Each structure stands twice: as C-alpha cells, then as structure tokens.
1. Within the range 281-306, can you find the residues that are touching a helix residue (DSSP H, G or I) at 6+ places or on another chain (Cβ under 6 Å) and free of Cβ contacts under 8 Å to residues at least 40 places away in the same chain?
2. Just name the residue that is farthest from the chain's Cα centre (by Cα) out of those in the range 149-173 that are within 11 Å of the ligand (Cβ to nearest atom), part of a loop (DSSP other than H, G, I, E, B) and under 29 Å from residue 78 (Cα atoms).
3. Which residue, of 303, 263, is under 15 Å from residue 123 (Cβ atoms) and crowded, with 17+ Cβ neighbours inside 10 Å?
4. Within the group 205, 187, which residue is assigned by TED's automatic domain parsing to the domain that holds residue 141 and touching a residue at least 40 places away in the same chain (Cβ under 8 Å)?
5. Give the residue, chosen from 177, 190, that is on the phi > 0 side of the Ramachandran plot and either in a loop (DSSP other than H, G, I, E, B) or within 16 Å of the ligand (Cβ to nearest atom) (or both).
6. Hey, which of the strands (runs of 3 or more DSSP E) in the range 104-147, taking only ones fully inside, have at least 1 residues that are in contact (Cβ under 8 Å) with a residue 60 or more places away in the chain, under 30 Å from residue 51 (Cβ atoms) and touching a helix residue (DSSP H, G or I) at 6+ places or on another chain (Cβ under 9 Å)?
7. Does at least one position in the range 201-216 carry a residue that is more than 16 Å from the ligand (Cβ to nearest atom), closer than 30 Å to residue 111 by Cα and touching a strand residue (DSSP E or B) at 6+ places or on another chain (Cβ under 7 Å)?
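The values are calculated or read from the model by the stated rules, or taken from the named source; none is laboratory data. In this text, all values refer to a predicted model and were calculated from it rather than measured experimentally. Cβ coordinates were reconstructed from backbone atoms using ideal geometry, including for glycine residues, and neighbour counts include every protein chain displayed.
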Ligand SMILES: [Zn+2]
C-alpha cells in the first residue's frame, strides 16, 4: 500500500490528512500554530509530525507517494509568492520541505482555494474535466479547474472569483480597494450590506442589520418577504457571476461551497433559475449547479490530489 499526505495550512491550524492509493482519507491530524509565526518553524513542525505519523503507521519512504501542500496565498510552480499570517513570502515550499526529509520525497504545492477546487472536482466524480468552485464565506473564494488542472494564471492568482467586477448599482467597497466586486454583494458580508441598504423596506420582517446569513436564509425559507427579496437579489448576483464565468470557460459544473452554501438547494436552485434566464448560448444550459461535499476538508483532499 502507498500513502499520500495532504497538508492544508490555514490561519492558525495545519490540517494533515493521510490518504491511501485511492485517495480515501485514512486519518487526519491538526497542528495548532500561532499567527505570524516564522515560516520555517511551520515547515519543521509539519515535517516532524509527518515523520511521527510514518513511524506510528509503520510505513517507509518507499511507500510514500508524496506530500501535497495547500497554502493561503498565490502559488506558482511550487513557489509561494506571498501568504497571509505566515512569513512564507517568495518561498520555495518544495525545497524547504524536501531538505528536512532523510530520503527524497515528492512535494507539490498550490493555493488553498485552488486545492479545494481540485478536491471537490475530483471527489465529485462527475466525469467532466472542467469545474469551477465558488466558496461563499465572509468573502468569495474559489478556484478554476480546466482539463483536470488548476488554473494558476501567469502570477499564481488565477481564480480570484471574489473580485470579478459585478455590481454598478450599490457600489459597496471591496477589501481590494475597488467597488462592486462580486464579494461585495455575493459574500456573507455582501448579504449584510444588502440588508442595510434595503432596511427601510423591512417592515414586518424578523431581519435586522445584525442578522446572520443563516438567519436571513432561514427567514426566507419560512416565507419572510423581506428576507426573500434579499435572497433574490443575492442569488441574482451569484447567477450573474456564474454566467460571467460560464461564457468564458463553460464549466461542466459550478460547485458552491463555504458557510453560505449550507442554505442548500434553496439557494442553488434560485441561482440556477436566474442563471438560465441570463445565458447567451444553449450550451451554457448544460452547466450543472452543485453543492460542495468536502466542507473544510476540501483543501486537505485537494492538496493530496495534487499528486494524482
Ligand atoms: Zn475586490
């Protein structure tokens, strides 16, 4: 039996998954780190943990197919350009890991959102080679898979779906410094901004400016008219985002993940309905809309699958 490790470096934890030949998750481990820790210490801690697991599971370097590493920042050809919260800037992740092992180990690295897209793409088993993952959280993240490969782009930031210019009506400010990016209307923050903007129409609604995205969806599901209006505006923007992506790359599947995707089919069906009213070509109608399956393990799965 051969083994693969998938490592996902998050804000303060490093998730390590141990996978078999078929990329079934056998075991998972967490290492907790502190923010802004020295990057090289993270490499040492991770490698030590992996060695410990190998010893514990009694397998040798011959049985180790490799280690995939997902990191929060742009990655180009295993070279990390910059990262949030850790000092891994202009950092050769492959070499830094390789030199700490006693024998040669195959190391591959990619951006975490792109890794998550790869994880969802492969584990979805859809027989298609083109997938887009849209992660709906505080912001919007995601990744683009073309011909079963991550689209890194020229500078490692391919798939910055959260900053597709989308809105010219509300003009909410984006963290990137511009206005109207998809995440200003399509993220958890976006849905709150929409509530604030339309608050004068909220008579008789349970929704307030402090309502969470989940509360807004729950209210909409139980027929709250104001919540339904907000969800409709929100879904329309995500449909527009899907259509923008679709006319360029025509993915077979668009997968929605992240906290807001817990709203489930109620949300996905609305997005798809609006999407179908926007498409230019019949071929775009074939794009399937699905919910992500791997949750917060997608990055770890995707990291391991980088070695596939
Ligand atoms: Zn932006």
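1. 291
2. Among those residues, the one meeting the criterion is 164.
3. 303
4. The unique qualifying residue is 187.
5. Checking each option against the conditions leaves just 177.
6. Passing ranges, in order: 107-111.
7. Checking the range 201-216: not a single residue is more than 16 Å from the ligand (Cβ to nearest atom), closer than 30 Å to residue 111 by Cα and touching a strand residue (DSSP E or B) at 6+ places or on another chain (Cβ under 7 Å).
Quick grid of which residues meet (1) in contact with a helix residue (DSSP H, G or I) (Cβ under 8 Å, 6 or more places away or on another chain); (2) assigned to a strand (DSSP E or B):
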site: 1; (1), (2): yes, no
site: 5; (1), (2): yes, yes
site: 8; (1), (2): yes, yes
site: 28; (1), (2): yes, yes
site: 34; (1), (2): no, no
site: 47; (1), (2): yes, no
site: 55; (1), (2): no, no
site: 87; (1), (2): yes, no
